[in-house]
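Just below is one structure, and these are the notes that go with it.
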Amino acid sequence: MPSLKTILVNANDESHRMLRAQVMECISFVMMAVGKDNFGDDAKQVMEVLMSIQGSQMETDDPTTVYILKAWARFFECLGKDFLPYMSVVMPPLLHSVQLKLDVTIYFADSESDDDERMPFITLRSLRCGIKTSVVEEKTIACQLLCDYVHDLKEDFHPWIDQATQALVPLLKLRCHEELWVAAISTLPKMLRSAKVAVEKGIAQGLNSK
């Protein structure tokens, strides 16, 4: 673990971005394997590094973003309720990924483009609509992780329900990518149940509360 933490802290060059991302993945899998009781102080130290990396200025094509989202989810799975204090750090970038603007390119159906091999296309009558895959993948992963958080936290997710709902509702109209649409639509009922339980337990106010 010391070697992995050293790489995580020091692999800051652009050429080392993927290495750092894979180290994040490795550390989070190790923690899941050994459990929080055996991970000791390493968990807090690693999460502090992740917060530092997350707070830095990252390029839009930096793979670290998605790897951090996934690493947080694994830490959450391992720590359970003990992870709650970190949710205020996790949620803003997660919701940012959910709300990423899709990079859509439109061509006439009979035209050719250099992008043909780099993004999937949907043909609509005389037009071809291409969507940048990396953005769709990040949005999809973010929605899936959001769904997991809501499911596991239940009423404890209530502080973020309003923001998450605002991020997800626009995706219900997005039928051009089924996996993303399913991830979004699957999360909303869970948030409704979360809100219901939070109100029933008195930790959140209902619409009719004063």
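The values are calculated or read from the model by the stated rules, or taken from the named source; none is laboratory data. Since this is a predicted model, take the numbers as computed values, not measurements. So basically every Cβ, Gly included, is an ideal-geometry build from the backbone, and we count neighbours across all protein chains shown.
Data table
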quantity	calculated
Residue match in region 1-19 (condition: within 18 Å of the chain's Cα centre (by Cα), in a helix (DSSP H, G or I), surrounded by 15 or more Cβ atoms within 10 Å (Cβ to Cβ) and at pLDDT 85 or above)	no
Test for D42: is it in contact with a helix residue (DSSP H, G or I) (Cβ under 8 Å, 6 or more places away or on another chain), touching a residue at least 40 places away in the same chain (Cβ under 8 Å), closer than 30 Å to L168 by Cα and acidic (D, E)	no
Pairs where the first residue, in region 1-16, is more than 18 Å from E59 (Cβ to Cβ) and the second is surrounded by 11 or more Cβ atoms within 10 Å (Cβ to Cβ) and at pLDDT below 85, C-beta under 7 Å, 6+ apart	M1/D42
Test: residue in region 54-65 that is over 29 Å from A167 (Cα atoms), surrounded by 14 or more Cβ atoms within 10 Å (Cβ to Cβ) and either without any contact (Cβ under 8 Å) to a residue 24 or more places away in the chain or not β-branched (V, I, T) (or both)	no
Residues satisfying the stated conditions in region 22-32, i.e. at pLDDT below 90 and farther than 15 Å from A43 by Cβ	none
Filtered residues of region 182-203 (kept if over 23 Å from L79 (Cβ atoms) and modelled with pLDDT under 85)	G202
Scan of region 153-181 for residues that are among the aliphatic types (A, V, I, L, M) and modelled with pLDDT of 90 or more, ordered by number	L153, I161, A164, A167, L168, V169
Tabulated pairs, region 161-183, first over 17 Å from P92 (Cα atoms), second assigned to a helix (DSSP H, G or I) and charged (D, E, K, R), C-beta under 6 angstrom, 6+ apart or interchain	L180/K139
Residues of region 20-39 classified as surrounded by 13 or more Cβ atoms within 10 Å (Cβ to Cβ) and without any contact (Cβ under 8 Å) to a residue 12 or more places away in the chain, total	1
